[in-house]
Structure formats: C-alpha cells, structure tokens
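The values are calculated or read from the model by the stated rules, or taken from the named source; none is laboratory data. This is a predicted model, so every value here is computed, not measured. We work out accessible area using only protein heavy atoms, side chains counted, and drop any ligands, DNA or RNA first. Shrake-Rupley method; radii C 1.70, N 1.55, O 1.52, S 1.80 Å.
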Amino acid sequence: MKKIGLLSDTHAYWDDRYIKYFSECDEIWHAGDIGSMDVLKKLEAIKPVRAVYGNIDGHEIRIICPKHQRFTIEGVDVWMTHIGGYPGKYATDVIPEIYRKPPKLFISGHSHILKVLYDKTLGLLHINPGAAGQYGFHKKRTLVRFCIDNGEFENLEIVELGDKF
C-alpha cells in the first residue's frame, strides 16, 4: 500500500502545513505550476516527489520535471499532466492517447478546480486536486490524500487549507 499526497498550482507559494499533511505519505505528487525550485526542494525534503511542469513553470523546473508522467504504482497505471482536462472535456493533446490506452488514474491540475470524477467510458478515475497556492481565481486552497493498495483506491481525503489571503 502507498499513501499519496497530491497537490497542484502552488505558484511558488509555500505553506508549512504541507509538511503536516504529507509527512504521513509515501510519495508526494505535484500536478504542475510549481512556480519555484524552492517549493520543489521543500517538498522533496518531506518525501519522494513525482512532478510535472505546468504552463507557468520556467526552464529550471522543465528540465527536471516532464510534461507528462506515466508510471505504475501498486498495480495502477497512472498518468499525470498539468493541462489534461477531465472526463468529457479532455485536452486535445491528451485525447488520442487517453482513448488508445486509458490509465486507471488520470491526474491533472491547471483549472484550480477540485474535481474527483469517474470516467465510465474509459474506466478511469480522474483527480484534479484544485490549487494549493495563493494565485488564481479559486477561493479555497486544497490538496488531496489517498491510498493505492493492490490496484484499488482507498481513503481519498480532500484537505481544505483555507481561504486565500
């Protein structure tokens, strides 16, 4: 079993509560718009990190974080990208591959809108953790924690970090 901490759209903002919420996790996943190497390094000091770059991320982040990450963990095929859309409205550059070979878990960020949806057509779970940073139109800052155990998702938890300043 692996416990995952998932966030997106920090936009260079650090909240010390990330330590509290992610210290129990086995891995931290960041779905893009990290915003600074400082945020990435602080997350890596807590637990191993898998991250993709987002549209606001500069060259320094893009050389170490890919646009897409596709991997298997605990028997689950995972695809994480920043601009991916969601069931019924996938991004155009995602559509060919997601229909050809759908993952079991599809993670994206970008919209700043927390979503957990099941795509019945493709048989996949989609998670967008919302935005954990201060920048953007969202009103609540959020992150997500969940477990993957032998191909199954368990204990999905939405964490509200509160309102933006």
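For GLY32, which sequence-distant residues (separation of 5 or more, or a different chain) have an amide H within less than 5 Å of its own amide H, given hydrogens modelled in the peptide plane?
ASP9, VAL52
Checking the table LYS41/LYS101; LYS42/LYS120; LYS67/LYS120; LYS2/LYS41; LYS20/LYS89; LYS42/LYS115 against a 28 Å threshold on Cα-Cα, which pairs fail?
LYS41/LYS101; LYS42/LYS120; LYS20/LYS89
Would you please give the residues with an amide H less than 5 Å from that of ASP77, counting only those at least 5 places away or on a separate chain, with H modeled from the backbone geometry?
Residues meeting the criterion, in which the H sits 1.01 Å from N, are LYS104, LEU105.
Which one, VAL94, VAL78, VAL116, has the greatest fluctuation when you compute a Gaussian network model over the chain with C-alpha springs under 10 angstrom?
VAL94
Using only the Cα atoms of the chain, what semi-axes does the equivalent ellipsoid have when each is the square root of 5 times a gyration tensor eigenvalue? Give whole Å, largest first.
Equivalent-ellipsoid dimensions as semi-axes: 22, 18, 16 Å.
With the chain treated as a Gaussian network of Cα nodes joined by springs under 10 Å, which of THR81, THR121, THR142 yields the largest mean-square fluctuation?
The residue with the greatest mean-square fluctuation here is THR121.
Could you work out the pair-distance distribution P(r) of segment 1-85 from its alpha-carbon pairs, with 10 angstrom bin width and percents rounded to whole numbers?
18, 54, 27, 1
Can you compute the helix-only [θ] at 222 nm over the chain? Use -39500 (n - 2.57) per DSSP H run of at least 4 residues, normalise by all residues, nearest 500 deg cm²/dmol.
Result for the chain, helices only: -3500 deg cm²/dmol.
Please report the carbon-and-sulfur percent of the accessible area for the chain; probe 1.4 Å, protein heavy atoms only, DNA, RNA and ligands left out.
Result for the chain: 52 percent of the exposed heavy-atom area is carbon or sulfur.
Taking H as built 1.01 Å from N, whose amide H comes closer than 5 Å to the amide H of LYS67, not counting residues under 5 places away?
Answer set, sorted by chain and number: TYR53.
Segment 55-91 to segment 96-138: how many Å between their Cα centroids?
If we compute the Cα centre of each part, the gap is 10 Å.
Explain nothing, just the number: relative contact order of the chain, from Cα pairs under 8 Å at least 6 residues apart, as a whole percent.
23 percent
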